[in-house]
1. Where does each of 16-24, 83-91, 68-76 land if you order them by average Cβ count within 10 Å, highest first?
2. Counting only helical runs of four or more DSSP H residues, what would the 222 nm mean residue ellipticity of the chain come to if each run contributes -39,500 (n - 2.57) and the total is spread over all its residues?
3. Measure off 7 Å from each Cα along the Cα-to-Cβ vector at residue 88 and residue 17, then give the distance between these two points in nanometres to one decimal.
4. Taking the chain as the reference, fit the longest principal axis to its C-alpha atoms, fit the long axis of helix 57-72 to the helix C-alpha atoms, and give the angle between the two in degrees, 0 to 90, nearest 10.
5. For the range 2-88, with equal point scatterers placed on the C-alpha atoms only and solvent neglected, what are the log10 I(q)/I(0) values from the Debye formula at q = 0.13, 0.14, 0.20 1/Å, to two decimals?
6. Quick one: length gained pulling residue 77 to residue 5 fully straight, 0.36 nm per residue minus the C-alpha distance?
7. Based on alpha-carbon centroids, what's the gap between the range 52-68 and the range 1-47 in Å, whole number please?
């Protein structure tokens with residue numbers, strides 16, 4: 001699995017609007033082959049963190065333009081470019 005993590009800083013009070021933005025783009029996520037899942041959480045009053053799980057880095061790269069077009073719509077809600085971390089899984093605990 002390949003993971004991509006983004007930390008988005010925003011103005012106080014924008015968290016719900018950011019979450020609604022991501023929810024409104026579920027069709028784009030569904031159309032991205034190899035995207036296993038994505039989740040976002042409120043890390044602080046002024047930060048949202050997103051984690052995307054891909055089958056492989058190649059799958060991410062094939063969908064990068066589509067995902068970037070979604071994220072460009074987020075620009076008016078965030079304070080600047082997100083901090084991004086990515087890499088292949090090294091260890092996964094899965095109770096199932």
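No lab work stands behind these numbers, since they all come straight from the coordinates. Here the structure is a predicted model, which is why all the values come from computation and not from measurement. When we count neighbours, we look across all protein chains shown, and the Cβ atoms used for this are built from the backbone with ideal geometry, even at glycine.
1. Listed from highest to lowest mean packing, they are 16-24, 68-76, 83-91.
2. Numbers: 3 runs with 30 residues, N = 96.
Here the helix-only value at 222 nm equals -9000 deg cm²/dmol.
3. Here the modelled spin labels are 4.1 nm apart.
4. So the helix axis and the longest Cα principal axis differ by about 10 degrees.
5. The Cα Debye sum returns log10 ratios of -0.39, -0.45, -0.92.
6. Stretched fully, the residue 77-residue 5 segment lengthens by 24.1 nm.
7. Taking the Cα centre of the range 1-47 as reference, the centre of the range 52-68 is 14 Å away.
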